[in-house]
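Here is the structure we will look at, set down as C-alpha cells.
The values are calculated or read from the model by the stated rules, or taken from the named source; none is laboratory data. The shown structure was predicted, so the numbers you read here are calculated from the model rather than taken from an experiment. Glycine gets a Cβ as well: all are built from the backbone with ideal geometry, and neighbour counts include every protein chain shown. The protein model used for the area step is the full one, side chains on, heavy atoms only, and it has no ligands, DNA or RNA in it. Shrake-Rupley method; radii C 1.70, N 1.55, O 1.52, S 1.80 Å.
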Amino acid sequence: TGCQVKIGGGLQADMLVRLLVRAPRILVSADSEVAFVPVQDGGTVQIYRVALNGDISFAPILNGERSCLPIALGRDKILFATSTLHDPQQLAMADLEGGDEVQISSLNQAVVSGWDAPRVERLRFASSDGEQVEGWIMLPDSGNAPYPTVLYIHGGPHSGFGHIFHFDFRMLCSAGYAVLFI
C-alpha cells in the first residue's frame, strides 16, 4: 500500500474490540519456532507469521480490508477477532498459514442485516510535506450529494482510522451525513 507498517499497531474503534486492541498480543507457537503478531498496515491490521529462529522470515497470513486481532493459538489453528467498516466484530479461525479460514460467530447479525449500506471510498493524498495521507469517506446510501459532512480527524501516531467498525460513523451516515475520516 505504500504505507509504513507498525508491529503491534491498532486502529481506533468505538466498540468493545478496543479491549483487544489495547494490549498487542504476541502468540508464540508451542515449539517456539514462530510468533503471530498484529501489524498495522495503513488502515488495516493484519496478522503476521514471524520466524523466531533461523533466517529472517515474516509474512502476513490474515489480511484484507479489515482488522484481524490474534486471540489464541492452538497446535494447528489460530483464533482471532475480525472487524470491518460494516461489521462490529466476529470470531474466526484459520490454520497457521492463514488458510482454511472459517468465521465461527455471527454476533449481532439480526441487527446488522437490517442496517443500510453506506458506500465507503478510500482517499489518498499528499500532505504539505509530501507524505501520503490515507483516509476514507463514508457516504449515505440515500439522499443526494452534496451531503452535509462530519469530519473525524486522527493525527496518530499510536492508532488511526481504517477498516474497523465505528458505531458513530454508521449512525451519522444513517441520519444522512457523510463522514470523512482521516
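The table below gives the values:
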item: Residue pairs meeting the criteria (Cβ under 7 Å; at least 6 apart or on separate chains; first among the small types (Gly, Ala, Ser), in the stretch 167-182; second modelled with pLDDT of 90 or more and open to solvent by 30 Å² or more (accessible area, probe 1.4 Å)); result: GLY176/TYR147; ALA178/ILE137; ALA178/TYR147; ALA178/THR149
item: The stretch 124-142, subset among the aliphatic types (A, V, I, L, M) and either free of Cβ contacts under 8 Å to residues at least 40 places away in the same chain or in contact with a Cys (Cβ under 7 Å, 6 or more places away or on another chain) (or both), residue most open to solvent (accessible area, probe 1.4 Å); result: ALA126
item: Residue in the stretch 136-158 that is among the charged types (D, E, K, R) and within 20 Å of ALA13 (Cβ to Cβ) present; result: no
item: Residue that is farthest from LEU180 (Cα to Cα), among those in the stretch 111-123 that are surrounded by 14 or more Cβ atoms within 10 Å (Cβ to Cβ) and not basic (Lys, Arg); result: VAL112
item: Qualifying positions in the stretch 1-38 - open to solvent by less than 80 Å² (accessible area, probe 1.4 Å), at pLDDT 75 or above and assigned to a loop (DSSP other than H, G, I, E, B); result: GLN12, ALA13, SER29, SER32
item: Complete set of residues in the stretch 34-61 that are among the aliphatic types (A, V, I, L, M) and under 30 Å from GLU121 (Cα atoms); result: VAL37, VAL39, VAL45, ILE47, ALA59, ILE61
item: Some residue of the stretch 83-93 being under 25 Å from GLY42 (Cβ atoms), among the acidic types (Asp, Glu) and modelled with pLDDT of 90 or more; result: no
item: Matching residues, the stretch 154-182, being within 17 Å of the chain's Cα centre (by Cα), open to solvent by 70 Å² or more (accessible area, probe 1.4 Å) and farther than 18 Å from GLN40 by Cβ; result: PHE167
item: Residue list for the stretch 143-165, restricted to those being under 16 Å from LEU123 (Cβ atoms) and touching a residue at least 60 places away in the same chain (Cβ under 8 Å); result: HIS154, GLY160, PHE161, GLY162, HIS163
item: Matching residues, the stretch 133-151, being part of a loop (DSSP other than H, G, I, E, B) and of a type in the set (D, E, K, R); result: ASP141
